[in-house]
Amino acid sequence: MFRKMVFLLPAVFLAWRCALQLWAHSQYVVSHASRYSGLLVGACAFAALWAMRNRWSLVQNWLTYFGTKVHEGAHEKMAFLSGRRLFGYNIQQDGTGYIIYENTGASPLITLAPYFFSYTSLGLLALRWLMLSEGRVYVDGLIGFLLAFHTYAFLTQTRYYQTDLQKMGLAYSTVFIPTMHLITYGLYAWVIGGLPILSYFKLF
């Protein structure tokens, strides 16, 4: 508990400074909007799919199942990256699931990973970095689709009664998640749009 409380004050300051930097660079993003056209097309494609969820039950079932799969997958990937051993992973058709990993102490990166860590789009972002410029627009479309899906999952799954948020503490989670979102979306803006990343992370 003490360690979490010690984190809160610098984390609040970090989130505040990140928000200021994101706002400062919003004009840069707008002035270079053409660089993000692929992202927009992909996001619109997901929005069209989402709009059909009430008409086609298959779409709603897909959103529910893969929303859970990506949620648990984020726990799994972050646990692996953190060097924790994985013991079990299960996803049910009804949208429930769980992951069992080596517990050597609470880790906000693992526990709260689904709320900021879109590992599918981050993987494509790494691939995009290595590609020739001609093919990047197609990868951008996929990234836009997956980011829109991540946003949908975040909005539908993030509730204060969620076990993950309760485990880390509501105050801690309320600060940590927006802070990580600001940093990760800055990464997308840098790789895809050429946002000056060093300036973005200039907090002082």
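Only the coordinates and a few stated rules stand behind these numbers; no lab work does. Just so it is clear, the model here is predicted, and its values are computed rather than measured. Because the Cβ atoms are built from the backbone with ideal geometry, glycine has one as well, and the counts that use them run over all protein chains shown.
So how far apart, in nm, are the two label points at residue 26 and residue 41 if each is 7 Å from Cα heading toward Cβ?
2.7
Can you give me the long-range amide H partners of residue 100? Hydrogens built in the peptide plane at 1.01 Å from N, cutoff under 5 Å, separation of 5 or more residues or another chain.
87, 88, 89
If Lys and Arg each add +1 and Asp and Glu each add -1, what is the summed charge of the other residues whose beta carbon sits under 14 Å from the beta carbon of residue 143?
Values: positive: 35, 128, 136; negative: 140.
Summing Lys and Arg as +1 and Asp and Glu as -1 gives +2.
For a Förster distance of 22 Å, can you work out the FRET efficiency between the beta-carbons of residue 162 and residue 87, rounded to the nearest 0.05? If you can, show how the numbers build up before the last one.
Working: r = 22 Å, r/R0 = 1.00.
Result of the calculation: an efficiency of 0.50.
Apply the Karplus parameterisation 6.51 cos²θ - 1.76 cosθ + 1.60, with θ equal to phi minus 60°, to every residue of the stretch 184-191 and state each ³J(HN,Hα) to the nearest whole Hz, in sequence, with x for glycine and proline.
Coupling constants for the stretch 184-191: 5, 5, x, 5, 4, 4, 5, 5 Hz.
Give me the one-decimal nm value for the distance between modelled label points at residue 155 and residue 54, 7 Å along each residue's Cα-to-Cβ direction.
1.4
Please report the base-10 log of the normalised intensity I(q)/I(0) for the stretch 35-200, using a Debye sum with one equal scatterer per alpha carbon and no solvent, at each q in 0.12, 0.17, 0.19 (1/Å).
Reported log10 I(q)/I(0), two decimals: -0.59, -1.14, -1.32.
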